[in-house]
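Note sheet for the following structure.
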Amino acid sequence: MYKNVKENRYTNKTETYGKLFLIKDTLSNRKWELVNETKNIGDYTCFKAVYKDTYNTQTFTENGEAEEITKDRTTTVWYTPQIPVNNGPEDFHGLPGLILEINDGKLTLVCSKIIMNPSEAIEIKEPKKGKVVSQEKFNEIMDKKTKEMMDRMQSRKKDGSNVIVIGG
């Protein structure tokens with residue numbers, strides 16, 4: 001993933017179902033809730049921030065029918081103003097310091113090494129190859145493919161008594 005915080009945009013190269021996509025879109029501006037809590041990560045004093053949202057996922061009901069459900073998600077991050085960079089992993093940004101840890105309830109990412117002012121310059125290049133789509137269009141493609149797979153799985157079920165959850 002290539003992220004340009006100054007221009008408020010990102011490019012994400014991803015391959016799925018045998019096709020290469022180049023997702024180009026604007027970075028989302030999350031409304032972070034700053035929490036009066038600190039902890040140390042390595043040599044850095046970090047502050048807590050929380051972002052709450054909802055997302056949709058698909059599941060099978062007890063009757064074997066596919067249904068879309070909405071779930072709540074709380075993302076907790078720890079950022080350090082000691083590194084005054086408004087950035088973090090993936091598309092996370094928008095805090096007064098570098099994000100060193102993220103937890104969304106299922107996955108935790110922790111920064112394990114920081115190299116300040118490296119002796120050799122590192123060139124970060126924006127990906128160029130792939131079918132260019134917006135994040136919304138890519139999500140539509142993925143939803144369609146997921147629905148197709150769920151329909152295939154549902155047609156294979158014999159008695160409808162099993163419950164299968166996909167995507168959380």
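The values are calculated or read from the model by the stated rules, or taken from the named source; none is laboratory data. Here the structure is a predicted model, which means the values were calculated and not measured. Ideal geometry is used to build each Cβ from the backbone, glycine not excepted, and the neighbour counts take in all protein chains shown. In case anyone asks, the SASA skips ligands and DNA or RNA and just uses the protein heavy atoms, side chains included. Shrake-Rupley method; radii C 1.70, N 1.55, O 1.52, S 1.80 Å.
Residue by residue, here is whether (1) in contact with a strand residue (DSSP E or B) (Cβ under 8 Å, 6 or more places away or on another chain); (2) at pLDDT 95 or above holds:
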site	(1), (2)
GLY64	no, no
GLU67	yes, no
THR70	yes, no
VAL77	yes, yes
ILE83	yes, yes
GLY88	yes, no
HIS93	yes, no
LEU98	yes, yes
GLU101	yes, yes
When the residues of the stretch 16-57 are narrowed to those that are surrounded by 12 or more Cβ atoms within 10 Å (Cβ to Cβ) and outside any strand (DSSP E or B), which ends up modelled with the lowest pLDDT?
SER28
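Scanning the stretch 112-136 for residues that are over 14 Å from THR11 (Cβ atoms) and open to solvent by less than 100 Å² (accessible area, probe 1.4 Å), which turns out modelled with the highest pLDDT?
Initially, the stretch 112-136 is screened for residues over 14 Å from THR11 (Cβ atoms), giving 112-123, 136.
Now drop any that are not open to solvent by less than 100 Å² (accessible area, probe 1.4 Å), which leaves 114, 118.
Details: ILE114: 89, PRO118: 86.
Ranking the candidates gives ILE114 first.
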Do we have LYS13 as under 25 Å from LYS113 (Cα atoms), touching a Leu at 6+ places or on another chain (Cβ under 7 Å) and open to solvent by 50 Å² or more (accessible area, probe 1.4 Å) here?
yes
Restricting to the stretch 140-151, name every residue that is open to solvent by 70 Å² or more (accessible area, probe 1.4 Å) and either of a type outside the set (A, V, I, L, M, F, W, C) or over 24 Å from GLU67 (Cβ atoms) (or both).
GLU140, ASP143, LYS144, LYS145, LYS147
